[in-house]
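Since the structure comes first, as structure tokens, the remarks are kept for the end.
Derivation of every value follows stated rules applied to the coordinates shown; laboratory data play no part. All values derive from a computational prediction rather than experimental measurement. Cβ sites come from the backbone with ideal geometry, for glycine too, and all protein chains shown count toward neighbours.
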Amino acid sequence: MSDRFDGTEHRHAYPKLHDLMGTLQGRRFAVHLRASPLAIIVTRPDDPTDARQTVTCKPRATDQDRMWFYDDANGEPIAEAEDIIGAAVIIAGNLTPTP
């Protein structure tokens, strides 16, 4: 892996995003893959607010360059890419309408 991740290192990011995509689809979220820059876009079907979260996957310098999922909108880390279930729970919570 290069010293600086530029979004083109799909061989590391794509499998993790693919696994997260499958997990979220299993939870009945609509998930679309964006090719450039690589990300998944997650929505809740039939949500009248059209809330969405765009998730990227890249190394986290403060964690020995381990792969992490990030919220593309604010650049905040969501969860380590090895923790697919944890990331899915956080994303589901982010997209759950408040009563």
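For the stretch 12-67, the set of residues classified as of a type in the set (Asp, Glu) and either in contact (Cβ under 8 Å) with a residue 60 or more places away in the chain or farther than 15 Å from Asn94 by Cα (or both) consists of Asp19, Asp46, Asp63, Asp65, listed by residue number. Condition (residue is within 12 Å of the chain's Cα centre (by Cα) and of a type in the set (Ser, Thr, Tyr)) applied to the stretch 77-97: is it met by at least one residue? Taking every residue of the stretch 77-97 in turn, none turns out to be within 12 Å of the chain's Cα centre (by Cα) and of a type in the set (Ser, Thr, Tyr).
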